[in-house]
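Visitor: After the structure tokens below, expect a handful of questions from me.
Any read-out appearing in this document is the output of simple, stated calculations on the displayed coordinates, not a laboratory observation. This is a predicted model, so every value here is computed, not measured. Quick reminder, even Gly has a Cβ in these numbers, built from the backbone with ideal geometry, and neighbours come from all protein chains shown.
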Ligand code: GA4
């Protein structure tokens, strides 16, 4: 366990006093039974945890970091050739189609190798290299994701323990890779220490695997109503429960609200792999998580396609799951 203390920021927070919070750190080299129980507990209590001993080679991470940094260092007119993000491609300031804004620029890629290869042509001069680097990174984080999903199902006692990882491995899975670049704030211009890089929201998918460089900015919102800054750890991954996981567990897990602040210290670059099922996959709680009539499903059945459409019709911070509540 790691004890974190929120640092004061100029962004309004809902707490007056300094508080501390423990966030779970999952060591993937731990003994399996204990590991699966710990993962379930972390998902249930926080919807957020750090993963160590994940087996992703440092070089795979370093190459991805290098390609990302190379792209964002390009002149604006060159980057714009890879845009606008609708939703995939290069975007800046605008997040999604409904007026959300943030202090960042980003690349949003469908994680399917064919899409990566197509998109790379507008992103990098050596597009073959760029797509190889992205595909290697995606394959590696996909393995971490699948391992976590298998562990969760084991921990929950679901008999078909590959039921979720097989959706992520499916050739038609709708996984996405996002690279966010938050330029450092000019303190003189802004006059304060922080600004919102990416506003508060939960991720719509099943699970998010995030890593960043050594510049902080990520904050998670706790059940107690506190924004907790997460110290960066460039060699490790952070995992976030998404909305679909909340539905699959019938509310046992809850998707975690989070946001990113920019700062005057340096540029932050983060990479998120959003693990999602194929578009036509129907989302309902796992059989193990419902027992009608006492414990019925809290949600109406919907496909990932229905959910994505709802997501893109709403604002970043909206509670999209409310549209799919039973009754
Ligand atoms: C949040 C999580 C992912 O970054 C993302 C985002 C997507 C986008 O940037 O295109 C959305 C946002 C995210 C949720 C609400 C909608 C869609 C922007 C937006 C305002 C790629 C995703 O899947 O949902």
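Visitor: Could you give the length gained by full extension between residue 160 and residue 265, i.e. 0.36 nm per residue of separation minus their alpha carbon distance, to one decimal place? Let's see the in-between values first.
Guide: Values: separation 105, 0.36 × 105 = 37.80 nm, distance 4.72 nm.
Here the segment from residue 160 to residue 265 would lengthen by 33.1 nm.
Visitor: Now, a different point. Working only with C-alpha atoms, what are the Rg and Dmax values of the stretch 25-323, expressed in angstrom?
Guide: 18.7, 61
Visitor: Right, next: Round to a whole angstrom and tell me the spacing of the C-alpha centers of the stretch 252-327 and the stretch 134-168.
Guide: Between the Cα centres of the stretch 252-327 and the stretch 134-168 lies a distance of 17 Å.
Visitor: Describe numerically, in nm with one decimal, the distance between label points set 7 Å from Cα along Cα→Cβ at residue 114 and at residue 80.
Guide: Taking the two extended label points, one gets 3.2 nm.
Visitor: Now, a different point. So how much slack lies between residue 122 and residue 37, counting 0.36 nm per residue of separation and subtracting their Cα-Cα distance, in nm? Mind showing how you got there, number by number?
Guide: Details: separation 85, 0.36 × 85 = 30.60 nm, distance 4.44 nm.
Working it through step by step, the gained length comes to 26.2 nm.
Visitor: Once you put a point 7 Å from the Cα of residue 44 and another 7 Å from the Cα of residue 93, both along the Cβ direction, what distance in nm separates them?
Guide: 4.7
Visitor: Report the paramagnetic label zone for residue 27: residues of the stretch 198-222 whose backbone N is under 12 Å from a point 7 Å from Cα along the Cα-to-Cβ axis.
Guide: From the stretch 198-222, the list is empty.
Visitor: What percent does the relative contact order of the stretch 268-327 come to when contacts are Cα pairs within less than 8 Å and at least six residues apart? The partial results should precede the final answer.
Guide: On the way: 43 pairs, mean separation 20.5, N = 60.
Relative contact order for the stretch 268-327 comes out at 34 percent.
Visitor: Next question. Got the relative contact order for the chain handy, in percent, Cα pairs under 8 Å and 6 or more residues apart? Display every interim value, and only then the final one.
Guide: Details: 674 pairs, mean separation 64.8, N = 327.
Relative contact order comes out at 20 percent.
Visitor: Counting other beta carbons within 10 Å of each residue's own, what order do 95, 196 fall into, fewest first?
Guide: Neighbour counts put them in this order, fewest first: 196, 95.
Visitor: OK, next. Which value in deg cm²/dmol, rounded to the nearest 500, describes the helix-derived mean residue ellipticity at 222 nm for the chain, given -39,500 (n - 2.57) per DSSP H run of n ≥ 4 and division by the residue count?
Guide: Numbers: 9 runs with 99 residues, N = 327.
Theoretical 222 nm ellipticity from helices: -9000 deg cm²/dmol.
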